[in-house]
Amino acid sequence: MSVKPWARRPSALARQALLLYTALIVYGSWYPFQGWRSLGIAPFAFLSDPMPQYLTAFDVVTNVLGYMPFGALVVLAVYPRWRGTLAVALAFVLGGILSCVMEAVQTYLPTRVASNLDLAANALGALLGAAIMSPATGALLDRGLLRRLRLLWFERESAALVCLVASWPFATMYPAPRLFGLGNWPRALWLRFDSTTQDALLAFAPPAWHVGAWPSLVSARLPESVWEALITTLNLSAALMLASLPVRRHAPRVRLLLVFIVATLVVKVGATFLQSQSGLAFDWATPGALCGLVAGAVAGLLTLRLRRRSRAVLAGVALIVALVFVNLLPVNPYFDVVLADWRQGRYLHFNGLAHWLAWMWPYAALVWLGYLAEHAWLRRRMNHA
């Protein structure tokens, strides 16, 4: 069945996903963003370098696979203005330009090496991703099952929330003192300060905040396994409530949320297996974590009976309470063993990105909930005006 030109519509979700994935490429290519220096080498000198003497199939395949989603997203993002061969060619060119810029800047990073082989593999990945996606673009965006399900199951103008929710499983990859204990960068930042800086900051705070024994006092209230179960429950239920917000009432919401839980666990197990030196994939599955998984799943599914506004409020409250506990409770002493087993030097950019997602995801979710609350408040004012 042919599609009329007026029926072809651009995909806001594809464009937002392309921007997000491009940002991830930049982050992964330039991490850790420190130690910049000049060796007197031109930034594009790597283009004429001889091929590296030591090549591994893993590095080449990784570079190809890393840019395949970029090429596919370019084809989806420029549709319907650019289609077919033109869209594939554009994705190939943009992928090559992006990779060339990433490699050129790596000339000034001590932990990275600019490589023409990486450039060729990245451009090839963008080309393959675009070529694979191009024949299916019309079916996906105009007349395919995916578009029908998206319109049938999900609310319109929910692309940003869908992207935020889709990133949550990846935010849980990096080891945390307690399962799903995301957002602990304030605690990490505080511990980096020396005692003089801490005292200077506390001088501006109320006297009641100067109690240094607070973490120990709070931790002593409950056993460690209970704290882990509570933090896991709060974070998982909040993620499920956020995931349910863009889903229409008549959609199979329970099955979609169960798939979301399974996908999160698969990502967690896979990342742990790849990064663990001992090959353990379930070292995070403590009794407290497993109890929290069950309780969080049940709580998230039960909230489907509530109105959308109530779910949003509960998700925000759960995130805030979880953040308080995550940043206030002392680190589990066994966490040092788990972190030592994690390959910090392997996939340096992967570790940095995973850690960054784990730090920032709850705050991004709270920002989105704040935007939702402001939008609802403005709409109510307009209705009463």
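The values are calculated or read from the model by the stated rules, or taken from the named source; none is laboratory data. From a predicted model like this one, the values you see are computed outputs, not experimental measurements. Using ideal geometry, Cβ is built from the backbone for each residue, glycine included, and neighbour counts are taken over all protein chains shown.
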For segment 304-336, what are the residues that are crowded, with 19+ Cβ neighbours inside 10 Å and polar (S, T, N, Q)? Asn332
Is one or more of the residues making up segment 205-219 among the β-branched types (Val, Ile, Thr) and at pLDDT 70 or above? no
Take segment 177-195 and flag every residue that is assigned to a loop (DSSP other than H, G, I, E, B) and either surrounded by fewer than 18 Cβ atoms within 10 Å (Cβ to Cβ) or among the acidic types (Asp, Glu) (or both). Phe193, Asp194
Six or more apart or on different chains, Cβ atoms under 8 Å: show the pairs whose first residue is in segment 80-105 and basic (Lys, Arg) and whose second is not in a helix (DSSP H, G or I). Arg81/Pro10
Considering (1) out of contact with any Leu (no Cβ under 8 Å at 6 or more places or on another chain); (2) modelled with pLDDT under 85; (3) within 17 Å of Ser11 (Cα to Cα), say which one Thr62 fails and leave the rest. (3)
Checking the conditions here, which among Val262, Val267 is loosely packed, with under 14 Cβ neighbours inside 10 Å and within 22 Å of Ser167 (Cβ to Cβ)? Val262
Please name all residue pairs, on different chains or six or more residues apart, with Cβ atoms under 6 Å, provided the first residue is in segment 280-299 and is part of a helix (DSSP H, G or I) and the second residue is of a type in the set (Gly, Ala, Ser). Pro287/Ser225; Gly288/Ser225; Gly288/Ala229; Cys291/Ala229; Gly292/Ala229; Gly296/Ser237; Ala299/Ser237
So which of Ser48, Ser11, Ser29 is closer than 30 Å to Pro110 by Cα, touching a helix residue (DSSP H, G or I) at 6+ places or on another chain (Cβ under 6 Å) and at pLDDT below 85? Ser29
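Yes/no matrix, rows are residues, columns are (1) in contact with a helix residue (DSSP H, G or I) (Cβ under 9 Å, 6 or more places away or on another chain); (2) at pLDDT below 90:
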{"position": "Gly270", "(1), (2)": "no, yes"}
{"position": "Gln277", "(1), (2)": "yes, yes"}
{"position": "Gly300", "(1), (2)": "yes, no"}
{"position": "Arg307", "(1), (2)": "no, no"}
{"position": "Pro330", "(1), (2)": "yes, yes"}
{"position": "Leu339", "(1), (2)": "no, yes"}
Just to verify a result, which residue in segment 159-176, among those that are surrounded by fewer than 18 Cβ atoms within 10 Å (Cβ to Cβ) and small (Gly, Ala, Ser), is nearest to Leu372 (Cα to Cα)? Ala160
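Of Val93, Val88, Val113, Val101, which residue is assigned by TED's automatic domain parsing to the domain that holds Ser38 and either small (Gly, Ala, Ser) or under 24 Å from the mean Cα position of the chain (by Cα) (or both)? It would help to see each step written out before you state the result.
On the way: Val93 fails: either small (Gly, Ala, Ser) or under 24 Å from the mean Cα position of the chain (by Cα) (or both); Val88 fails: either small (Gly, Ala, Ser) or under 24 Å from the mean Cα position of the chain (by Cα) (or both); Val113 fails: either small (Gly, Ala, Ser) or under 24 Å from the mean Cα position of the chain (by Cα) (or both).
Result of the check over Val93, Val88, Val113, Val101: Val101.
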